Amino acid sequence: MDTKKKILDVALTLFSEKGYGNVYVGQIAEGVGIKAPSLYKHYKSKQDIFNAILDEMRERYNQKAADLNMNGSDYLADSELYKNVSEDELVKMGIGLFSFFLHDEYECKFRKMLTIEQFSDRELSKLFSDQYFDEPLKYQSGLLHFLIMQGKMKEDDADIMALQFFAPIYLLMTVCDRQPKREKECLRKLEKHVRQFSRIYKGDDK
């Protein structure tokens, strides 16, 4: 593993264990096995390391979304995909993304860091809300509104539908974070949730 990548891995592990604010560059360098001045040859600051972790996470997510033949961030780019998606395909996509967020090393550790910092760092608190509330709901709401207009979903409040769809998924993920042994149970509930949501709101083509 190259030094730049190792710095990110060690930093994120420390952030997830101690919180971002309680980790210093010297500790990261020690974990990597180098001196702080050597670390600065690769990253200018702890914030620079943090930004690089965010970039790595985006790349990992984009690759996973591409593996599922979706954009994952732009609902308009995914709108045609969802127009004719089957219930089984929807379940497969849901489980695929759920498992990614649960098991990807960066996503998992980053979420733990945000959980620690949410009540002490205003910027990280906002980032937590952006990542696990505002952005997912904006994507889901836009997508559901499109599907309603296309007659693929029953007409209803798309914002509330998005909340009804996403909230249980996030809740199940937090259970798995705390109690990993319950993953199989949560996956079963996730599948039932996706299928029930699909059946409740599935519309007739106009």
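Can you give the Rg/Rh ratio of region 1-54, where Rg is from the C-alpha atoms and Rh is the Kirkwood radius?
My calculation of the ratio gives 0.90.
Over region 68-201, one equal point on each Cα, no solvent: what is log10 I(q)/I(0) by the Debye formula at q = 0.12 Å⁻¹?
-0.49
Please report, to two decimal places, log10 I(q)/I(0) for region 107-156 at q = 0.14, 0.15, 0.18, 0.22 Å⁻¹ as given by the Debye formula with identical point scatterers on the Cα atoms and no solvent.
Computed log10 I(q)/I(0) values: -0.49, -0.53, -0.62, -0.72.
Using the structure shown, select from LYS4/LYS184; LYS109/LYS192; LYS18/LYS192 the pairs with a Cα to Cα distance greater than 31 angstrom.
Over 31 Å Cα-Cα: LYS4/LYS184; LYS18/LYS192.
For every other residue with a beta carbon closer than 12 angstrom to the beta carbon of GLU191, add +1 if it is Lys or Arg and -1 if Asp or Glu, then tell me the sum.
Counting the neighbours of GLU191, the net charge comes to +3.
Using only alpha carbon positions, build the gyration tensor of region 1-155, then give the equivalent ellipsoid semi-axes as the square roots of 5 times its eigenvalues, largest first, whole angstrom.
36, 16, 12
Among LEU54, MET93, SER73, pick out the residue whose Cα is farthest towards the positive end of the charge dipole of region 1-94, where Lys and Arg carry +1 and Asp and Glu carry -1 on C-beta, about the Cα centre.
Selected residue: LEU54.
If a helix is a whole DSSP H run, which ones in the chain reach 15 Å or further along their own axis (Cα) and hold a mean Kyte-Doolittle hydropathy of at least 1.0?
158-178
Expressed as a whole number of Å, what is the distance separating the alpha-carbon centroids of region 62-76 and region 149-190?
The distance from the Cα centre of region 149-190 to that of region 62-76 comes to 18 Å.
Amide H of MET153 versus every other amide H placed in the peptide plane: which residues, excluding those fewer than 5 positions away on the same chain, fall under 5 Å?
For MET153, the qualifying residues are ILE148, GLY203.
What number, in percent, do you get for the relative contact order of the chain if the mean sequence gap of Cα pairs under 8 Å and at least 6 apart is divided by its residue count? Numbers along the way, then the final one.
Values: 183 pairs, mean separation 42.9, N = 206.
It comes to 21 percent, rounded to a whole number.
We did not get these values from a lab; they are worked out from the coordinates using the rules stated. Remember, it's a predicted structure, so these values are computed and weren't measured experimentally. When we count neighbours, we look across all protein chains shown, and the Cβ atoms used for this are built from the backbone with ideal geometry, even at glycine.
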